[in-house]
1. Specify which of the listed residues (C104, C92) is within 10 Å of the chain's Cα centre (by Cα) and not β-branched (V, I, T).
2. Have a look at C14, C50 and point out the one that is crowded, with 19+ Cβ neighbours inside 10 Å and either modelled with pLDDT of 80 or more or closer than 18 Å to A68 by Cα (or both).
3. Can you name the number of the only condition in (1) under 19 Å from V42 (Cα atoms); (2) surrounded by fewer than 18 Cβ atoms within 10 Å (Cβ to Cβ) that Q124 fails?
4. Out of the range 58-87, which residues are outside any helix (DSSP H, G or I) and either surrounded by 16 or more Cβ atoms within 10 Å (Cβ to Cβ) or of a type in the set (F, W, Y) (or both)?
5. Would you be able to say whether some residue in the range 25-40 is touching a Lys or Arg at 6+ places or on another chain (Cβ under 9 Å), over 19 Å from L96 (Cβ atoms), open to solvent by 60 Å² or more (accessible area, probe 1.4 Å) and assigned to a helix (DSSP H, G or I)?
6. Answer yes or no as to whether A94 is open to solvent by less than 30 Å² (accessible area, probe 1.4 Å) and at pLDDT 90 or above.
7. Which ones in the range 134-147 are surrounded by 18 or more Cβ atoms within 10 Å (Cβ to Cβ) and either over 13 Å from A115 (Cα atoms) or small (G, A, S) (or both)?
Amino acid sequence: MTQSPNSRAVRRLCVSGVLGALALALSYLESLIPLPIPLPGVKLGLGNLCVLLALYLYSWRWAGLVLAVKALLSSLLFAGLGALPYALCGGCLALLVMACLKPCRALSPVGVSIAGAAAHGLGQVLLGAWLTATPQLLMYATPLMLVGLCTGGALGWFVLWCEPRLRRFA
C-alpha cells in the first residue's frame with residue numbers, strides 16, 4: 001500500500017509534533033533529577049534525544065523544528081527566558097555538527113550524538129564567555145564535554161536501538 005505525498009507530509013508533521021511534545025516532557029523530567037555533579041548547568045540532555053530522532057527519521061530541518069519547540073517552551077516553562085539564548089546556541093551548534101556527521105558511514109548515531117553533545121556544551125560556554133566578556137569561562141568547556149561524552153553516548157545508543165523501530169510510524 002503506497003501513501004500519497006500529502007499523507008506522508010501529514011504523518012511527518014504529526015510525528016514531529018509528538019517528538020516536540022516528548023522533548024518538552026523529557027526536559028521537565030530532567031529538571032526533577034538531581035545530578036551528583038557539582039557543576040552548574042550540567043544536564044542529561046534527555047530532550048535532545050527527540051532532536052536526534054527527528055534528524056535520523058527525517059532531516060535536519062525537522063530536527064531544527066523539534067529543537068526550536070523544545071528550547072522555546074522549556075525555557076519559558078522551566079528555566080526562564082534567560083536560558084533561551086544558551087539553549088538555542090548550544091542546540092543549533094549541536095544540530096549543525098550532527099547534521100554534518102550523520103552522512104558519515106563510519107559513525108553510528110552514538111558517535112554523532114557524542115559529537116553533538118560536545119558541541120552543545122561548547123556552544124553554551126562560548127556564548128557565556130562572549131556575553132559576559134569572561135574568557136575564563138572557556139575552561140568550563142572541558143568538564144561539559146566530558147559529561148557530554150557520557151550523556152551523548154547513552155542517548156545515541158537509545159537512538160540506535162529505537163530509530164529502526166520507529167521507522168514504520170515515520
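1. Going through C104, C92 in turn, just one is within 10 Å of the chain's Cα centre (by Cα) and not β-branched (V, I, T): C92.
2. Details: C14 fails: crowded, with 19+ Cβ neighbours inside 10 Å.
Going through C14, C50 in turn, just one is crowded, with 19+ Cβ neighbours inside 10 Å and either modelled with pLDDT of 80 or more or closer than 18 Å to A68 by Cα (or both): C50.
3. Condition (2) is where Q124 drops out.
4. Y58, the sole residue that qualifies.
5. Yes: the range 25-40 contains one or more residues that are touching a Lys or Arg at 6+ places or on another chain (Cβ under 9 Å), over 19 Å from L96 (Cβ atoms), open to solvent by 60 Å² or more (accessible area, probe 1.4 Å) and assigned to a helix (DSSP H, G or I).
6. For A94, the condition - open to solvent by less than 30 Å² (accessible area, probe 1.4 Å) and at pLDDT 90 or above - is met.
7. Taking the range 134-147 first, the residues surrounded by 18 or more Cβ atoms within 10 Å (Cβ to Cβ) are 140-141, 144-145, 147.
Y140, A141, listed by residue number.
Each row is one residue, and each column tells you yes or no for (1) farther than 16 Å from E30 by Cβ; (2) open to solvent by 20 Å² or more (accessible area, probe 1.4 Å); (3) at pLDDT below 85.
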residue	(1), (2), (3)
C89	yes, yes, no
G128	yes, no, no
L149	yes, yes, no
F158	no, yes, no
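The values are calculated or read from the model by the stated rules, or taken from the named source; none is laboratory data. For clarity, every value in this text was computed on a predicted model and none was experimentally measured. With ideal geometry, Cβ positions are generated from the backbone for all residues, glycine too; neighbour counts draw on all protein chains shown. For the accessible areas, the whole protein counts, side chains as well, though only heavy atoms, and no ligand, DNA or RNA atoms are used. Shrake-Rupley method; radii C 1.70, N 1.55, O 1.52, S 1.80 Å.
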